[in-house]
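See below for the structure under consideration.
Computed from the coordinates by the stated procedures, all read-outs in this text should not be read as laboratory data. Because the structure is a prediction, the values reported are computed rather than measured. We place every Cβ from the backbone using ideal geometry, glycine too, and count neighbours over all the protein chains shown.
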Amino acid sequence: MLKLVKSLFGGAKKSDRREQTIQLYTPDLLKIKSFGEGLSALSEEQLKAKTDEFRARLKAGETTDDILHEAFAVVKEAAQRLKDARHEYLVVGNPAVWDMVHYDVQLIGGIALHRGGIAEMATGEGK
């Protein structure tokens, strides 16, 4: 997995900073993947119910940091299901088929933004 993330961040330029970023966020990626492992077994309704569960947990005092990894895993699972079902939707009035599932580098960018950081991503990394 680390090799994949490294390849997504590009070549040798800024390699030290990229390496530090990858090392910093690898534990987060592993937690997201861990939460994601059981989600494919959930029914559509159970997956949708996660949204209400997150709201209840936040209302009960948990923070967005507390639910971050599980929430990212749920979003990634939802995207995977849309892709698998070849979900169709309209973009500016034109039909399109959902074909996107979040890459690790996109998850890293989302975590960085959530934590108040800046997410610098190269062209083609799916901003």
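Amide H contacts for HIS87 (H built 1.01 Å from N in the peptide plane; partners 5 or more residues away or on another chain; cut-off under 5 Å): TRP98. For the range 25-34, backbone phi angles converted through the Karplus equation (6.51, -1.76, 1.60; θ = phi - 60°) give residue-by-residue couplings of 9, 4, x, 5, 4, 5, 5, 4, 4, 5 Hz, Gly and Pro being listed as x.
Just round it to a whole percent: the fraction of Cα-Cα distances in the range 2-114 exceeding 21 Å. That tail contains 48 percent of the Cα-Cα pairs.
Ranked by how many other Cβ atoms sit within 10 Å of their own Cβ, fewest first, the residues PHE35, PHE72 fall in the order PHE35, PHE72.
Listing VAL105, VAL92, VAL74, VAL97 from fewest to most neighbouring C-beta atoms within 10 Å gives VAL92, VAL97, VAL74, VAL105.
Charged neighbours of LYS48, selected by a Cβ distance under 13 Å, balance to -2 (K, R count +1; D, E count -1). By the equivalent-ellipsoid construction on the alpha carbon gyration tensor, the range 58-127 comes out with semi-axes of 25, 18, 11 Å, ordered largest to smallest. Roughly speaking, what is the stretch gain from LEU90 to LEU47, that is 0.36 nm per residue apart minus the C-alpha to C-alpha distance, in nm to one decimal? Length gained between LEU90 and LEU47: 13.1 nm.
With a simple spin-label model that places each label point 7 Å from the Cα along the Cα-to-Cβ direction, the separation between SER34 and THR63 comes to 1.9 nm.
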